There are 2 protein chains.
Amino acid sequence: MKVFLISIGNELLTGKTINTNASWLGKKLTILGCTVENQITIPDSDTAISNSIDYFMNTDCSCVIITGGLGPTVDDITRKALFDYFGTSYYFDEEYWNILEDRFKKRDLKIPVSNRNQALVPDNGYVIHNPVGTARGLKFKKNDKFIFSLPGVPIEMKSMFESEIKPWVSNQVEPFFTSTIRTTGIQESVIIEKIDMVLKKENDYTIGYYPSIDGVDIKITGKIENNIEKLCNNITSKLGDNVYCTDERFIEEVVVDKAIKNKITISLAESCTGGLIGHRITEVSGSSKIFKGGMIVYSNNAKINNLGISRECIKENGAVSEETALEMSKNIRSIFSTDIGISVTGIAGPTGNTAKKPVGLIFVGLSTEDFNRTRKFQFHSSRSNNKRKTSQVVLEWLRMELNDVK
Amino acid sequence: MKVFLISIGNELLTGKTINTNASWLGKKLTILGCTVENQITIPDSDTAISNSIDYFMNTDCSCVIITGGLGPTVDDITRKALFDYFGTSYYFDEEYWNILEDRFKKRDLKIPVSNRNQALVPDNGYVIHNPVGTARGLKFKKNDKFIFSLPGVPIEMKSMFESEIKPWVSNQVEPFFTSTIRTTGIQESVIIEKIDMVLKKENDYTIGYYPSIDGVDIKITGKIENNIEKLCNNITSKLGDNVYCTDERFIEEVVVDKAIKNKITISLAESCTGGLIGHRITEVSGSSKIFKGGMIVYSNNAKINNLGISRECIKENGAVSEETALEMSKNIRSIFSTDIGISVTGIAGPTGNTAKKPVGLIFVGLSTEDFNRTRKFQFHSSRSNNKRKTSQVVLEWLRMELNDVK
């Protein structure tokens, strides 16, 4: 099914707000098996609204999803513009108005008169229930085409799409099933090369690659649930350790979940990442069960005086070295009495490099009761990206170690 | 001047890529004094491209900026589609092809034949120089309307807009001047109330409010530079301490700049923020001059054994208390031998609260040679947002303290 999207709102055209609604709907509709053919952003203006619907009516799209302009203020004109466009009369829904009044009363607020237009119902059209806000949506049909109008507030738009439009769309298209495979440490082109043979054998799926700084997400969509599951398993086994989950979790969630499950405590010594790894771990609720804390040792003195790195080690090898990373991980593990101590030291850039140590050079140390190891990485990005990439390889190494726990 | 935007690319319609180009262009054009009237996203298809230009030609917009589809691969069809639309013949630019070949050679790469179409030049049209990539842009004129076509790669699009389109646009519209005022710790509605009187006296400016979790940015645009400067100064003085800069810096940059200027060293003890504040400070290049490091003390044991908080203090007052925050800031300052020690302890949520201590309760401690103080905050948001808001008030307090340094 071909779908058209219309986003209404001056704030989208002036760049005040980034149009995340359109990309959210694009992703959802694609996964359901639809093709989004066109997306138009227009100002809160009668003419712009009717022109854009004219444009939609002239395409071969079966439906349009309009977002924005259903609020109670004067610049929210979508409702009236649609009533005009479809030439429908409308009535005031006393029952819904009472519900709205009650909702405001419960919060000790008086309902503004301007909200009254949110209780208008078209005679030739339907209202769409809004479970999380006051602005109900609208639905029209003309020349076998369907017109849906939803509020622009993302949380309301999303919940109304899920409850009303998604089931309707699913009925129009053959059912689709989706799997997600999240990877890290492997490039999109290498993934494609590795799984090419698996994909060639299959032909009833759609595959999408979504790269970000942390890794590449793979989304597979198809009509036969079993086949999608098999394909997903095949790809996962081809990509091996580069897959960190086959659901929607972040890698820090996977790490924290595994550590909790295995009762493994973790401490951190961060130099060039400056706290970012701790921040990512503590984004996960429940992380306090396994993350005891750590040190940010951003100066040589802090490394020596507070983390107990020997002055000789830094003098001989430099703060950015295998040897320093190793001592850092051993010492942090001992100071915080944890099962794993992990450390990172490197040159985030853009300055601080030397002839032998370029920007982006990173050493990671990992210490457990059984062993102490280090790894070297070389990134080639901005300060901020080098920090982010470092945090990702550290979380990935933690994930792998937690896999190996008996 | 009214401007139309066309974004070309299947990846934008499937939600694979968020259309940040459109919002970037929207912001830039608005500041220059233009009105973005329409923005259309279409697939890489001949028909869609010609339909969308038809749509533009029927509006009263003076120019359209098209982005995307100028790459070397088969799905990059914008160039040919535009040649067809404007019915122009074209020739192969040997000189530019040699330049491209040389560029590839320097990186030890053989130039793919598919890049040849990037050397095509229309007979009735112009090419736009690309200083950072291989895909040159295109410029056409028809019925007094101007058509610009730029690559979709943000870094290339932005640099070409700045070097070629911005000067052209600035010539078409009366010159505009812009000031930015960045605030924190004050709501949009309170700002509007406070500066209402200032604004009423003036009438030759446009004002935009851009709220985010960190605060509200105010952008003022107008035609008379002196008036804008005066208005900006008036607003800044009305808002007082809530303004942290009148340029484009982040608050962490302001803090680091001030600390470097005043030679003040800083250390951090983070509990509920888990490293986020250290991460934000170390995003700023040069921060190692003043940020010595800190501790992430995510467990009571870490607070007691590593940061030296007395067991009694935690037992009597709890880890989330004024007293603990105070000891934390004193101890971190002493352990890291810095001029300022700052600490934070709180309940990020969604769990961990008690009857007396709700989610979002935060204590910040600040210790210097001259005094030790604490502050209490109560946020009402998600775990992640509570952490972010905490980091913001900590940076804000640091900024204020650094203001007071003689």
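The values are calculated or read from the model by the stated rules, or taken from the named source; none is laboratory data. The structure displayed is predicted, hence computed values, not measured ones. Cβ: placed from backbone, ideal geometry, glycine included. Neighbour counts: every protein chain shown. For the accessible areas, the whole protein counts, side chains as well, though only heavy atoms, and no ligand, DNA or RNA atoms are used. Shrake-Rupley method; radii C 1.70, N 1.55, O 1.52, S 1.80 Å.
Structure notes:
- Cβ neighbours within 10 Å from other chains - mean over B:161-173: 0
- Exam field: A:Tyr96 pseudo-label spacings to other copies (7 Å along Cα-Cβ), nanometres: 5.5
- Rounded tilt (10° steps) of B:94-106 against the dominant C-alpha axis of chain B: 30 degrees
- Partner shielding of A:22-29 amounts to 5, given as the average count of beta-carbon atoms from other chains within 10 Å of each residue beta-carbon.
- Near the amide H of B:Phe291, within less than 5 Å, lie the amide hydrogens of B:Ile266, all on another chain or at least 5 residues away, with H placed in the peptide plane.
- Tilt relative to chain A, helix A:383-404 - C-alpha long axis, 0 to 90 degrees, to 10: 80 degrees
- Per residue of B:198-211, other chain Cβ atoms within 10 Å of the residue Cβ number 1 on average.
- Per residue, in Å², the accessible surface of chain A once ligands and nucleic acids are set aside, probe 1.4 Å: 45 Å²
- Whole-Hz ³J(HN,Hα) from phi, Karplus 6.51 cos²θ - 1.76 cosθ + 1.60, for the stretch B:64-78, glycine and proline x: 10, 10, 9, 10, x, x, 9, x, x, 8, 4, 7, 8, 10, 4
- Within the protein assembly as shown, helix-based [θ] at 222 nm, where runs of 4 or more DSSP H residues each add -39,500 (n - 2.57), nearest 500: -11500 deg cm²/dmol
- Take the Kirkwood radius over Cα pairs of the stretch A:1-100, plug it into Stokes-Einstein at 25 °C and 0.890 mPa s, and you get 166 µm²/s for translational diffusion.
- Label separation (B:Phe371 vs B:Ala355): 3.6 nm, computed from points 7 Å beyond Cα along the C-beta direction.
- Using alpha-carbon coordinates, inclination of helix B:251-262 to the longest axis of chain B, degrees: 60 degrees
- Axis proximity, chain B to A: residue whose C-beta lies nearest, plus whole-Å distance: B:Gly275, 2
- Computed log₁₀ I(q)/I(0) - Debye formula, equal Cα scatterers, no solvent, the stretch B:121-216, q 0.17, 0.19, 0.21, 0.23 Å⁻¹: -0.88, -0.95, -1.04, -1.15
- Theoretical gain in end-to-end length, A:Glu225 to A:Phe250 [0.36 nm per residue, Cα-Cα removed]: 6.6 nm
- Size of charge dipole - the protein assembly as shown - debye, nearest 20, with Cβ of Lys, Arg +1 and Asp, Glu -1, no other charges: 2040 debye
- Largest-first ordering by accessible area, 1.4 Å probe, given options B:Glu11, B:Glu193: B:Glu193, B:Glu11
- Each residue of the stretch B:40-54 was assigned a 3J(HN,Hα) from its phi angle through the Karplus curve 6.51 cos²θ - 1.76 cosθ + 1.60 (θ = phi - 60°); the sequence is 10, 10, 9, x, 6, 9, 3, 4, 4, 5, 5, 4, 5, 6, 3 Hz, with glycine and proline shown as x.
- In order through the stretch B:188-202: 3J(HN,Hα) via Karplus (6.51 cos²θ - 1.76 cosθ + 1.60), integer Hz, x for Gly, Pro: 3, 5, 5, 4, 4, 4, 5, 9, 3, 5, 4, 5, 4, 6, 10
- Dipole of the stretch A:2-172 [Lys/Arg +1, Asp/Glu -1 at C-beta], most positive-end residue of A:Asn51, A:Gly125, A:Asn38: A:Asn38
- In this simple spin-label model, placing a label point 7 Å from the Cα along the Cα-to-Cβ direction at both A:Ser285 and A:Met197 gives a separation of 4.5 nm.
- For the stretch A:24-154, the Stokes-Einstein estimate of translational diffusion at 37 °C and a viscosity of 0.692 mPa s comes to 208 µm²/s, using the Kirkwood hydrodynamic radius over alpha-carbon pairs.
- When A:Val173 is represented by a point 7 angstrom out along its Cα-to-C-beta vector, the spacings to that point in the other copies are 3.8 nm, nearest first.
- Each Lys and Arg adds +1 at its Cβ and each Asp and Glu adds -1 at its Cβ; summed about the Cα centre, the stretch A:1-73 shows a dipole of about 320 debye.
- Measuring between alpha carbons in the structure, the pairs from A:Lys16/A:Lys387; B:Lys158/B:Lys219; A:Lys289/B:Lys389; A:Lys387/B:Lys263; B:Lys330/B:Lys389; B:Lys263/B:Lys303 lying more than 27 angstrom apart are A:Lys16/A:Lys387; B:Lys263/B:Lys303.
- Computed over the stretch A:2-172: relative contact order in percent, which uses C-alpha pairs under 8 Å that are six or more apart: 23 percent
- Computed about its Cα centre, the charge dipole of the stretch B:251-404 is approximately 360 debye, with only Lys, Arg, Asp and Glu carrying charge at their Cβ.
- Each other copy places its own label point for A:Gly185 at 4.4 nm from this one, sorted shortest first, where the point lies 7 Å along the Cα-to-beta carbon line.
- The stretch B:170-297, Cα convex hull volume normalised per residue, Å³: 136 Å³
- Most simply put, chain A has about 60% antiparallel DSSP beta bridges, counting only bridges with both residues inside it.
- From the largest down, chain B spans 84, 59, 42 angstrom on the principal axes of its Cα atoms.
- Coordinate range along principal axes, alpha carbons of the stretch A:177-245, Å, largest first: 31, 20, 17
- Between A:Asp204 and B:Asn301, the FRET efficiency estimated from the beta carbon spacing at R0 = 60 angstrom works out to 0.60.
- Average projected area [Cα convex hull, the protein assembly as shown], square nanometres: 38.5 nm²
- 10 Å binning of all Cα-Cα separations within the stretch B:251-404, expressed as whole percents from 0 upward: 12, 45, 34, 8, 0
- Sequence-distant residues sharing a close amide H with B:Ala269 (under 5 Å, placed H): B:Met295, B:Ile342, B:Ser343, B:Val344
- B:Trp397, B:Trp24, ranked by accessible area, largest first (probe 1.4 Å): B:Trp24, B:Trp397
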